[in-house]
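Peer 1: The structure follows.
The values are calculated or read from the model by the stated rules, or taken from the named source; none is laboratory data. Nothing here was measured: the structure is a model prediction, and the numbers come from that model. Note: ideal-geometry Cβ built from the backbone for every residue, glycine included; neighbour counts use all protein chains shown.
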Amino acid sequence: MDAVFDTIIGFEKELNLLTVLLRIVLAILFGGIIGFERSKQGRQAGMRTHIMVCMGGTMAALIGVYCTQLLGFGGDPFRIAAQVVSGIGFLGAGMIIVKSDRLIMGLTTAAIMWTTAIIGIALGLGFYSGALIAVAACVFVAAFMTRMEKRRKVSARIYIEICDLGCTEEVVGLIESLLPADSHYEVTAARSNTKGALGVSVTTLPDVDFAAFKKSLKETGGVLFVIQE
């Protein structure tokens, strides 16, 4: 058993075609898992973005290891990967939106994207267990803890994406008839990449029957998705 374990550990540390392929495939898988959860929530950065960020972090780490182990260059093998940690902030900043009512959105997506890049670096260095645990933690925080935060809010935010602009008037009518009178809504740019789509952001009371409201909107046929933030 010890011999088998030593063989596995040796394989993980050795940089060859198989280990490089394994790390890149895992980067695609792990980045896709996180991106899928984000796209399900209608966030700007979906599967493709998170996959590319994770794979980019993996390649940055692999380049450093390749230069020191195989090419024999001196210096710090983590130097390139360290630039990813700081440089990914520019991409994450593009996810942050300041709404007209001074509400800041996109911070969670930006933070998860930054974490995804670091997961990619961990994969590039062969730290598979740490990367796997971090992916599970990201999905837990993004999916389940969001529900806990919603219970503590004094207001609820609903995002509606309309794919058929002919249904816009009907959707607005449903918002005004089904939600409390003091609810506020505004038309925004679509969060998805769907051509011709339009977004509507709604602020209302937290005790609104979201399931019934979502069902009514979906029955119009022109609503792409409805999410409670």
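Peer 1: Working only within region 1-53, note down all residues that are at pLDDT below 75, surrounded by 13 or more Cβ atoms within 10 Å (Cβ to Cβ) and aliphatic (A, V, I, L, M). Quick ask: steps written out before the conclusion?
Peer 2: Here is the first cut: in region 1-53, the residues at pLDDT below 75 are 1-14, 38-46.
Checking which are surrounded by 13 or more Cβ atoms within 10 Å (Cβ to Cβ) leaves us with 11-12, 38-46.
ALA45, the sole residue that qualifies.
Peer 1: Same structure again: So which helices (runs of 4 or more DSSP H) are wholly in region 110-229 and hold at least 1 residues that are of a type outside the set (Val, Ile, Thr) and in contact with a Gly (Cβ under 9 Å, 6 or more places away or on another chain)? Walk me through how you get there before you give the answer.
Peer 2: Working: elements: 128-139, 145-152, 168-178, 210-218.
Hits in region 110-229: 128-139, 168-178.
Peer 1: Shifting gears a bit: I'd like to verify a number: residues in region 170-215 that are of a type outside the set (Val, Ile, Thr) and under 28 Å from the mean Cα position of the chain (by Cα), how many? So that I can check it myself, show each step before the final result.
Peer 2: If we filter region 170-215 for residues that are of a type outside the set (Val, Ile, Thr), which is where we start, we get 170, 173-174, 176-186, 189-193, 195-199, 201, 205-207, 209-215.
Checking which are under 28 Å from the mean Cα position of the chain (by Cα) leaves us with 184-186, 189-193, 195-199, 201, 205-207, 209-215.
Final tally of qualifying residues: 24.
Peer 1: Consider LEU125 carefully, then state whether it is of a type outside the set (Val, Ile, Thr), out of contact with any Cys (no Cβ under 8 Å at 6 or more places or on another chain) and at pLDDT 75 or above. If you could, list the steps in order and put the result at the bottom.
Peer 2: Values: of a type outside the set (Val, Ile, Thr): yes; out of contact with any Cys (no Cβ under 8 Å at 6 or more places or on another chain): yes; at pLDDT 75 or above: yes.
Yes: the conditions hold for LEU125.
Peer 1: Search region 113-130 for residues being among the β-branched types (Val, Ile, Thr) and surrounded by fewer than 24 Cβ atoms within 10 Å (Cβ to Cβ), and hand back the single one that is nearest to VAL25 (Cα to Cα).
Peer 2: Our first condition is that a residue be among the β-branched types (Val, Ile, Thr); within region 113-130, this holds for 115-116, 118-119, 121.
So of that shortlist, the ones also surrounded by fewer than 24 Cβ atoms within 10 Å (Cβ to Cβ) come out as 115, 118.
Values: THR115: 18, ILE118: 16 Å.
Among those that are among the β-branched types (Val, Ile, Thr) and surrounded by fewer than 24 Cβ atoms within 10 Å (Cβ to Cβ), it is ILE118.
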